[in-house]
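These notes are about the structure you will find just below.
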Amino acid sequence: MKSGTLGFVMLCHTALDRAAQVARHWAERDCPVVIHVDKRVKRRAHDGLVKALGDLKNVRFSGRHACEWGTWGLVAATQEASELILRDFPGVRHVYLASGSCLPLRPVEELVRYLDERPKTDFIESVTTEDVGWTIGGLDVERFTLRFPFSWRRQRRLFDGYVRLQRRLGFRRRIPTGIVPHLGSQWWCLTRRTLSAILDNPDREETDAYFRRVWIPDESYFQTLVRQVSGNVESRSLTLSKFDFQGKPHIFYDDHLQILRRSDCFVARKIWPHADKLYRTFLTDDHASQTAEPNPGKIDRLFAKAIERRTKGRAGLYMQSRHPNENWENGRTAAPYSVFEGFADVFENFELWMSKTTGTRVHGHLFAPGKVEFAGGEAVYNGALSDNAMLRDYNPKSFLTNLLWNTRGERQCFQHGPGDLQALNWFMAGDPNAQISVISGAWAIPLFRSNRNFGDIRRDAAELQKIEAEFLNILRSPWVKARVRTWTLAEFVENPMEPLQTIVDEISPRSMRRLTEVPRLTDLTGFGQFLQNLRNQGMQPVLMGDFPATGELRPSNPRRGRPYLVK
Amino acid sequence: MSVFSRYMLRLARKRWRIRAFRKRRELRPVTDRTNLIRGDQLLVFTTFRNERVRLPHFLRYYRDMGINHFLMVDNDSDDGGREYLAEQPDVSLWTTPASYKRSRFGVDWLNWLQMKYGHGRWCLVVDPDEFFVYPFCDTRPLRALTDWLDASSIKSFSAMLLDMYPKGPFDALPYNEGQDPFEIAPWFDSGNYTITRNHKYGNLWIQGGPRMRMFFADAPERAPALNKIPLVKWHRDYAYVSSTHMLLPRGLNQTYDEWGGEKASGVLLHAKFLDTFARKAEEEMERKQHYANSHEYRAYRLATAVEPDLWCKWSEKYINWRQLEILGLMSKGNWA
């Protein structure tokens, strides 16, 4: 392969030893290389690079420009280096723009062959400003219509302030006729025909004068002009280059070796300069001759996931580097859970029945005073969560979010009641993961069955009623995001099957079975009289609904084995 | 935050720096090899007392990670640790008989050394029983992380303290010099940490783990803080305020995302609960040189008198950093 139809232009500013390695790799495989070294690089380092490559006849160094990010210098450097490579190496048909931190992933011959098969194609990502989704800072078309005299890196405040000022004043630069702004990756591979047409354009002076004041011209100069001169633009970059959410390029390390190899891309950037294994592996010639198309899908997914983790995070996780402000949690808790208020009072062995029916973990009163009632009476639970009430009450929100995080994959249900800690009522009500079912007034049943002085019972009843009423108020607020269902005790006892069926269906939607076994209702004989006694003592029990003072309220049709279901 | 409180924090920072400057006189150099420190090398800062048996593994662990130089303050050891370190080619050693408590538990001494040698470099401040774990630490050296942090304009990196413990009594297996302590104590609590925000300094206050579960159940507010920011691209104007829990200026404490995302973070594996622990607790009680009137050690001593076992059936056994990531104790953030 003596043709040397592919030439490289390399823009370098750091890790010059690595750049030299890559340049040598290309040059020794008969690809001319023109290197531009940033003017801000110390003379000694620059001279070292020149010396290191001194033995190679097809390596040139172009005039140095200062290349601050986002400024014209990068374009000027590219122009000068491109002119040099076109002039000195007439055999070159495609010019590949690369950086000093690029690394070829496939043998150069494969790239040459790939380009030989497409001799008139220009590979350059070139997208109209309306269609790019990746610009940082919301500046896309404004890159072309505003002025940017201040450095984005060093004078951010002035930069932002001046942009705001121009927007407010309605200032716009005129875009020269014939120029349709396009943006794209700065790493391209153009044919001699296209590149020389851009560089030898009679209007170039005027065009350059315009682009000199455009922001980040290296992402728009060639991308825009190529549309005027080329009839065969393939709008993609042959260089694999991924950017994170702040617009900084992702870096490749030794542990990316396999994924890079399988990507079948020709060149990747940016490589960490100390990634010895990558440089060693990819710069030794293996004569694998594939013709595969580049397929960076896996790498795309890897970096897309990284960005998602950084911007959205894992729902329900609170940790040292993720502590979202209220309402920015992206999910307050890690998984759906069910809160039952009153059910354990109305039914006997409700917890056991519930866990058997739905296959979920059903706890007792997690927020009971004195002790956390974990399922099975465990003293320590998933994630080494303690059943100590003082530890729980020290930070109840952490307790609940920890429990739900630790038990991901297994739905948690727990009992709640007005006798428990109420600190999380708002938190749960605002949580879309919560399913809250309340039988209001059921707290009176244990009082009814207890054997205490009536004066104490009356006092407790008044207090519990007040607490539950507050909870119900919260559940009626417009901010509620939980799935809330409430029944009065009287309502529920009259027809307990239908609510149960609804709840069970929601917890395990796939089973869709009708309930065959029902938990036993607790015996309420005399409950109406008990409520009347409370009234007689001057306390007004309201949350239970209407219980007749005498005579018994019974389930409307206790014999009906199956609840009515709409399917 | 009001201009006034910002100004007060500025004054506080200056005060800590002046204090560190004054405390420099307590330090006597044993071996000063700081002339070996070059450009942007990675430095470890440590203060210790009678940790001879731990030192060889400590040095090896951090050398393998890519640390170039250790700057260590010996607080009057009498177990040969000083002599051992003096011979290490990459250690600069100072010694002091002064009060640990009055140097604010070593913070003043290290603040001074960092001010003098850490400016413009990445500094890792760890105790001899703390082992730093960061994303990809099994495949990428620490330099990869600091380069990435530099490129992302991040100046501080958090690593929560994770207490590791053995199954059974602490002294069931003796710790031998040079051994990986996590062969003996590989267990940890994975999901019982509580977090609150400290609005004054802007840091998170994390408590929990086996110590809170076993020793502080009756006084959770006194449980030790586990939030740490041990890795900082140091500037001479910075100062640690309390251990490595928080820094000034307070922007450096902002190592967490408030809008739902995850920033990158690591973990400090804490090899405290080895057979050396009971002896240490006894000694520290005598010296009364620890935090909050040694309440911590008193609680331990009470509990250790009855041979505590921190292990429970929900304890997790340490495998690697990916496990900690999945458990949500640390995060890769957007580093991939």
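The values are calculated or read from the model by the stated rules, or taken from the named source; none is laboratory data. Given the structure is predicted, the values throughout are model-derived calculations rather than measurements. Cβ atoms come from the backbone with ideal geometry, glycine included; neighbour counts cover every protein chain shown. Side chains are part of the model used for accessible areas, which takes the heavy atoms of the whole protein and leaves out ligands, DNA and RNA. Shrake-Rupley method; radii C 1.70, N 1.55, O 1.52, S 1.80 Å.
Looking only at segment A:455-505, which residues are in a loop (DSSP other than H, G, I, E, B) and among the hydroxyl-bearing types (Ser, Thr, Tyr)? Before you say what the answer is, go through the steps one by one.
Here is the first cut: in segment A:455-505, the residues in a loop (DSSP other than H, G, I, E, B) are A:476-482, A:495-496.
Listed by number, the list holds a single entry, A:Ser477.
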State all residues of segment B:228-246 that are open to solvent by less than 10 Å² (accessible area, probe 1.4 Å) and either modelled with pLDDT of 95 or more or farther than 21 Å from B:Lys101 by Cβ (or both); if no residue qualifies, say none. B:Ile229, B:Pro230, B:Leu231, B:Val232, B:Trp234
On the basis of being of a type outside the set (Asp, Glu) and more than 15 Å from A:Val92 (Cα to Cα), does A:Arg18 make the cut? yes
Filtering segment A:429-440 down to residues that are open to solvent by less than 40 Å² (accessible area, probe 1.4 Å) and out of contact with any Pro (no Cβ under 7 Å at 6 or more places or on another chain) yields A:Ala429, A:Gly430, A:Asp431, A:Ala434, A:Ile436, A:Ser437, A:Val438, A:Ile439, A:Ser440
Out of (1) open to solvent by 30 Å² or more (accessible area, probe 1.4 Å); (2) away from every other protein chain (no Cβ under 11 Å), what's the single condition that is false for A:Phe282? (1)
Unmet criterion (only one of (1) part of a helix (DSSP H, G or I); (2) more than 23 Å from B:Asp237 (Cα to Cα); (3) aliphatic (A, V, I, L, M)) for B:Leu11: (2)
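Test A:Arg143 against the criterion of being closer than 30 Å to A:Ala304 by Cα, in contact (Cβ under 8 Å) with a residue 24 or more places away in the chain, outside the structural domain of A:Arg29 (by TED's automatic domain parsing) and open to solvent by less than 30 Å² (accessible area, probe 1.4 Å), and give yes or no. Can you show your working first?
Numbers: closer than 30 Å to A:Ala304 by Cα: yes; in contact (Cβ under 8 Å) with a residue 24 or more places away in the chain: yes; outside the structural domain of A:Arg29 (by TED's automatic domain parsing): yes; open to solvent by less than 30 Å² (accessible area, probe 1.4 Å): yes.
The answer is yes for A:Arg143.
Kindly check whether there is at least one residue in segment A:340-347 that is open to solvent by 30 Å² or more (accessible area, probe 1.4 Å), of a type in the set (D, E, K, R) and within 13 Å of another protein chain (Cβ to nearest Cβ). Outline the logic, then answer.
Within segment A:340-347, the subset open to solvent by 30 Å² or more (accessible area, probe 1.4 Å) is A:344-345.
Adding the requirement that they be of a type in the set (D, E, K, R) leaves A:345.
Okay, now just the ones that are also within 13 Å of another protein chain (Cβ to nearest Cβ), so none.
No, the conditions are met nowhere in segment A:340-347.
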Segment A:340-365 residues that are closer than 19 Å to A:Arg449 by Cβ, paired with ones that are of a type in the set (Val, Ile, Thr) (beta carbon under 6 Å, 6 or more apart): A:Glu341/A:Val438; A:Gly342/A:Ile439; A:Asp345/A:Ile445; A:Val346/A:Ile439; A:Glu348/A:Thr522; A:Glu351/A:Val362
Which ones in segment A:404-414 are open to solvent by less than 50 Å² (accessible area, probe 1.4 Å) and under 23 Å from the mean Cα position of the chain (by Cα)? A:Leu404, A:Trp405, A:Asn406, A:Thr407
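Which members of segment A:379-416 meet the condition of being within 7 Å of chain B (Cβ to nearest Cβ) and either of a type in the set (A, V, I, L, M, F, W, C) or assigned to a helix (DSSP H, G or I) (or both)? Don't jump to the end; show me each part of the working.
Step one: of segment A:379-416, the residues within 7 Å of chain B (Cβ to nearest Cβ) are A:380-386, A:388, A:390-391, A:394-395, A:398, A:402, A:405-406.
Scanning segment A:379-416 gives A:Val380, A:Asn382, A:Gly383, A:Ala384, A:Leu385, A:Met390, A:Leu391, A:Tyr394, A:Ser398, A:Asn402, A:Trp405, A:Asn406.
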Return a yes/no flag: does segment A:326-333 have any residue that is at pLDDT 90 or above, open to solvent by 30 Å² or more (accessible area, probe 1.4 Å) and in a loop (DSSP other than H, G, I, E, B). no
With respect to B:Asp64, determine if the residue is without any contact (Cβ under 8 Å) to a residue 12 or more places away in the chain and under 30 Å from B:Glu177 (Cβ atoms). yes
Can you tell me which residues in segment B:35-60 are surrounded by 16 or more Cβ atoms within 10 Å (Cβ to Cβ) and either in contact with an Asp or Glu (Cβ under 7 Å, 6 or more places away or on another chain) or over 21 Å from B:Trp109 (Cα atoms) (or both)? B:Thr46, B:Phe48, B:Arg49, B:Asn50, B:Arg52, B:Val53, B:Arg54, B:His57
Kindly indicate which of A:Asp300, A:Asp345 is in the same structural domain as A:Ala375 (by TED's automatic domain parsing) and assigned to a helix (DSSP H, G or I). A:Asp345
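Could you grab me the full set of residues in segment B:121-171 that are at positive phi and away from chain A (no Cβ under 12 Å)?
Narrowing segment B:121-171 to residues at positive phi: B:136, B:153, B:168.
Listed by number, the list holds a single entry, B:Gly168.
Mind checking which residues of segment A:164-195 are open to solvent by 40 Å² or more (accessible area, probe 1.4 Å) and more than 16 Å from A:Gln223 (Cβ to Cβ)? So that I can check it myself, show each step before the final result.
So in segment A:164-195, the residues open to solvent by 40 Å² or more (accessible area, probe 1.4 Å) come out as A:164-165, A:167-172, A:174-175, A:177-178, A:180, A:192-193.
Of everything in segment A:164-195, those that are open to solvent by 40 Å² or more (accessible area, probe 1.4 Å) and more than 16 Å from A:Gln223 (Cβ to Cβ) turn out to be A:Arg164, A:Leu165, A:Arg167, A:Arg168, A:Leu169, A:Gly170, A:Phe171, A:Arg172, A:Arg174, A:Thr177, A:Arg192, A:Arg193.
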Kindly provide the set of residues from segment B:134-168 that are assigned to a loop (DSSP other than H, G, I, E, B) and either in contact with a Pro (Cβ under 9 Å, 6 or more places away or on another chain) or of a type in the set (Lys, Arg) (or both), ordered by number. B:Arg140, B:Lys155, B:Ser158, B:Met164, B:Pro166, B:Lys167
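Looking at the structure I just gave you, is A:Asp244 touching a residue at least 60 places away in the same chain (Cβ under 8 Å), open to solvent by 10 Å² or more (accessible area, probe 1.4 Å) and not polar (S, T, N, Q)? Before the answer, list the steps.
Values: touching a residue at least 60 places away in the same chain (Cβ under 8 Å): yes; open to solvent by 10 Å² or more (accessible area, probe 1.4 Å): yes; not polar (S, T, N, Q): yes.
Considered against the rule, which asks whether it is touching a residue at least 60 places away in the same chain (Cβ under 8 Å), open to solvent by 10 Å² or more (accessible area, probe 1.4 Å) and not polar (S, T, N, Q), A:Asp244 comes out as yes.
Just the residues that are of a type in the set (Asp, Glu) and either within 22 Å of B:Pro97 (Cα to Cα) or outside any helix (DSSP H, G or I) (or both), please, taken from segment B:35-69. Give the steps one after another, and end with the answer.
Taking segment B:35-69 as the starting set, the residues that turn out to be of a type in the set (Asp, Glu) are B:40, B:51, B:64.
Selection gives B:Asp40, B:Glu51.
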Which residue pairs have Cβ atoms closer than 7 Å, lie 6 or more positions apart in sequence or on different chains, and pair a first residue in segment A:295-316 that is under 24 Å from A:Leu400 (Cα atoms) with a second residue that is hydrophobic (A, V, I, L, M, F, W, C) and at pLDDT 90 or above? A:Ala315/A:Ala334; A:Gly316/A:Ala334; A:Gly316/A:Ala335; A:Gly316/A:Leu404; A:Gly316/A:Trp405
Exactly one condition in (1) under 24 Å from A:Arg154 (Cα atoms); (2) of a type in the set (S, T, N, Q); (3) crowded, with 19+ Cβ neighbours inside 10 Å is not met by B:Ser158; state its number. (1)
It is to be established whether one or more residues within segment B:18-34 are in contact (Cβ under 8 Å) with a residue 40 or more places away in the chain, open to solvent by 20 Å² or more (accessible area, probe 1.4 Å), of a type in the set (S, T, N, Q) and assigned to a strand (DSSP E or B). yes
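On the given criteria, is A:Asp47 among the acidic types (Asp, Glu) and part of a loop (DSSP other than H, G, I, E, B)? Steps first, answer last, please.
Values: among the acidic types (Asp, Glu): yes; part of a loop (DSSP other than H, G, I, E, B): no.
The answer is no for A:Asp47.
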Evaluation of A:Tyr114 against (1) farther than 17 Å from A:Ala27 by Cβ; (2) open to solvent by 50 Å² or more (accessible area, probe 1.4 Å) (one fails), failing number: (2)
Which numbered condition trips up A:Leu74, out of (1) in contact with a Cys (Cβ under 6 Å, 6 or more places away or on another chain); (2) in a strand (DSSP E or B)? (2)
